[in-house]
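Below is one structure, written out as structure tokens; the observations come after it.
Values quoted throughout were computed directly from the atomic coordinates according to the rules given, and no laboratory measurement underlies them. Everything numeric here is computed off the predicted structure, so don't read it as measured data. With ideal geometry, Cβ positions are generated from the backbone for all residues, glycine too; neighbour counts draw on all protein chains shown.
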Amino acid sequence: MTASNKNLIFTVTHGRTGTTFLTEIFRLFDDTRSLHEPEPNYATVFPLVKEDPERAITFLEKKIDHINGYPEGHYVETSNVFGKGFLIPLLRLGIMPGLLLLNRDFRKTASSLFERGSTPMRTQRGRHFSADPRVPGSLPIHEPESLTDYQLCYWGVLDSYARQIQAASVYDNEGGKYRWLTANDFHDFDNVMEIGGFFGLSVSDREVAEKHHKEIASLHHNPNKVKGRDPEALSFLDEEAEVLNRVAFFDPVFVKKALDSLFLDDDVKKVFR
């Protein structure tokens, strides 16, 4: 049976939420290997996993063996693909990593995805990095093929939020460690130290770590360098409300939780109140 000899910490998020920033932040801690999208890369095999979820088991067995080969005792990986098709298979293998449930304003996240052309089920980047509404286990939505590209990006963000809620429920029942977070939580050094301590991480030289943290926090990590599409002309309220409406026919409980979240714009909430 596959087992890990590391303290594993992974993210469940959509991406465009600050994952590259977190990668650098977790490198502050002692005896910690912190990586973003290393090989073996979830994104490479993700299209095949969506076709056959059993492929996730084979991939994870190789992945864990690879991670076990690192010398550090703690392993952090911030790939946003992990939570979209690999968390549940990993739990089935008997491995329960610590989880960072990372969020950002839904509209800003979806707009960033739209700008870079990362559309679920339609573009190459979207197929490798986003879930697919036609695949079992994804957030159900009526007639996904008729959604606009922006609506599919927005659906992808909601899908990741639904997976976070599912993960939190599983971990509450099984005693796993997780935290709801945003990138802003990592701009305060004391908060970073508290979060790291929660997951079993520490620093031996706090002064050096604080200086390095200040340098990391001053940078803009992984901006959209090439904007393929301009979201300015989009009718956000109408498009987002339609996505929520189509999801509500299948999962009204989730829609209520999305409306109650801090990440959904107030104008959209008013439509549904």
Testing the spin-label approximation: label points 7 Å from Cα along Cα→Cβ at residue 170 and residue 245. State their distance in nm.
3.4 nm
Relative to a virtual label point 7 Å from the Cα of residue 91 in the Cα→beta-carbon direction, which members of the stretch 155-195 show backbone nitrogen distances below 16 Å?
160-180
Please state the shape class of the stretch 1-112: rounded when a/c is under 1.5, otherwise prolate if a/b exceeds b/c and oblate if not, all from the C-alpha gyration tensor.
oblate
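Compute the length gained on full extension between residue 27 and residue 134: take 0.36 nm times their separation in residues and subtract their Cα-Cα distance, giving the result in nm to one decimal.
Net length gain for the segment: 34.8 nm.
Nearest 0.05, what FRET efficiency do residue 72 and residue 265 give at R0 = 30 Å with Cβ-Cβ as r? Present the calculation step by step, with values, prior to reporting the outcome.
Values: r = 40 Å, r/R0 = 1.35.
Result of the calculation: an efficiency of 0.15.
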How far apart, in nanometres, would the label points at residue 208 and residue 146 be if each is projected 7 angstrom from Cα along the Cα-to-Cβ direction?
6.1 nm
How far is helix 149-174 tilted, in degrees, relative to the longest principal axis of the Cα atoms in the chain, given as a value from 0 to 90 rounded to the nearest 10?
50 degrees
Cα-Cα over 22 Å, subset of 108/257; 108/256; 62/177; 6/214; 108/270; 6/177:
62/177; 6/214
To test your reading of the geometry: what angle, between 0 and 90 degrees and rounded to tens, separates the Cα axis of helix 236-248 from the longest principal axis of the chain?
80 degrees
According to a simple spin-label model (label point 7 Å from Cα along Cα-to-Cβ), what is the distance in nm between residue 191 and residue 221?
1.4 nm
With contacts defined as alpha carbon pairs under 8 Å and 6 or more residues apart, what's the relative contact order of the stretch 7-272 in percent?
28 percent
